[in-house]
Amino acid sequence: MDFAETIRVALGALRANKMRSLLTMLGIVIGVSAVIAVVALGRGAQQAVKDRISSLGTTLLTVSPGQARAGGVMSFDVRSRLTLEDAMALEERGTVITAVQPEMSSTLQVQFLNKNAGTQVVGTTANFPEVRKYELAAGRFFTSAEDLSRQRLAVVGPTVLENLGLQTPEALVGEDIRIRGIQFTVIGVYKSKGQANPFSNPDDQVLIPIQTARFRILGSNRLRSISVLAPDEAQIPDAMADVQKVLRREHKLRPDKPDDFQIRNQADFLSTLGETTQVFSMLLAGIAAVSLLVGGIGIMNIMLVSVTERTREIGIRKALGATRLNILFQFLIEAVVLCLLGGGLGILLGAGGATAFTKLLGWTTQIGASSVGLAFGFSALVGVIFGVYPARRAAGLDPIVALRYE
């Protein structure tokens, strides 16, 4: 019996038991589709993080307060600070710095008519849109003169707009809102930036002049962070060194003392968030891949049952001249075909699920050729691994014993 005839016999056996073959494939279908959908979600999350960080600009540096140390031990009772004076020092003495944009913030209630919403109130400077790459959907941003004169002006994010029950940006421009009982006039609404992670939403903010925030709302000069722009990507290391030099002098740190602040560039954020997302994606994909193993065990179980049911058939084929290799290949082909068909259906189901996540839930997904190839190849490997034992058992049957089997 030639190889082509062996394949025809194997496929004929699968067609003869369509329902059993379909149910056997189900484990592989679910496993492959789960792997592809989960990996697509993970890749989409990574791309969303990358796009979000890239939208802020590749030359952006973020300076945040560090933890004070004493004798090499972290001191948790003393929190280092960044102040407006630090931002002014960077602006005045920085030599490799294009722009400095400080921020102070607090979570407060914002009231509009009979609606109220808890949101992040951020005090910042007039160069916020240029430094952070924000665009306005309606209205305008406040000016440096309005900041210095402590004007009660506000620019809100699209999420705040929705939380206050409004549909269009223009509906809030020119209206008055209250923050801590103080009336502010909304002069602008910025375009959505998108939420890169579940812990912070850049669209859920109210931006007010930093001097107004300092003296009328927060009563403090402590900053959440200072954003600094480097001239270009090649000068990022020089800009970071410049910031470090200025702030160490401003904080009067001796040479043997470590920095009490942190300077991070966008590449650091991208690397950290990307690695975190990748770990979660691999973990979820690993969990989904367990169903592939379960499906493989189901295939081995059905193939063993099939060998038992077809013992007389095997005996007849051997008596007519079929070799051990013919029998081995026949049952191995049956197992591999089941897995490959299941893998193909799983790819279609997984891709369809990922597309549904994007269209119905608005999640970012990205189906990669590598994940599809890996899932399909793994399903074929499962067929070989779990099909070998039943195939060898069938090939090893003694033809005389098989012919006597009832």
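General remarks:
- Antiparallel %, DSSP beta bridges [both residues in the range 60-265], to 5: 80
- Inter-probe distance in nm under a simple model that places probes 7 Å from Cα toward Cβ, at E313 and T143: 8.8
- Virtual paramagnetic centre 7 Å along Cα→Cβ of T185, amide N under 20 Å, in the range 207-245: 207-217
- Prolate/oblate/rounded label for the range 60-265 (Cα gyration tensor, a/c 1.5): prolate
- Rough spin-label spacing in nm, given labels placed 7 Å along Cα→Cβ, for R324 and N116: 8.4
- Simple spin-label estimate for L361 and V290 gives 2.0 nm between the two label positions (7 Å along the Cα-to-Cβ direction from each Cα).
- Ordering 36-44, 319-327 by mean Cβ neighbour count within 10 Å, with the highest value first, yields 36-44, 319-327.
- Within the range 86-191, the GluC sites (Glu not before Pro) that combine a DSSP coil assignment with at most 12 other C-beta atoms in a 10 angstrom radius are E135.
- Fewest neighbouring Cβ atoms within 10 Å first, the residues V155, V372 line up as V372, V155.
- For the range 60-265, relative contact order (Cα pairs under 8 Å, six or more residues apart, normalised by length) works out to 35 percent.
Since every read-out is calculated from the coordinates, none of them should be taken as a lab result. It should be emphasised that the depicted structure is a prediction, and the values quoted were computed from it without experimental measurement. Please note: Cβ atoms are built from the backbone with ideal geometry, for glycine as well, and neighbour counts cover all protein chains shown.
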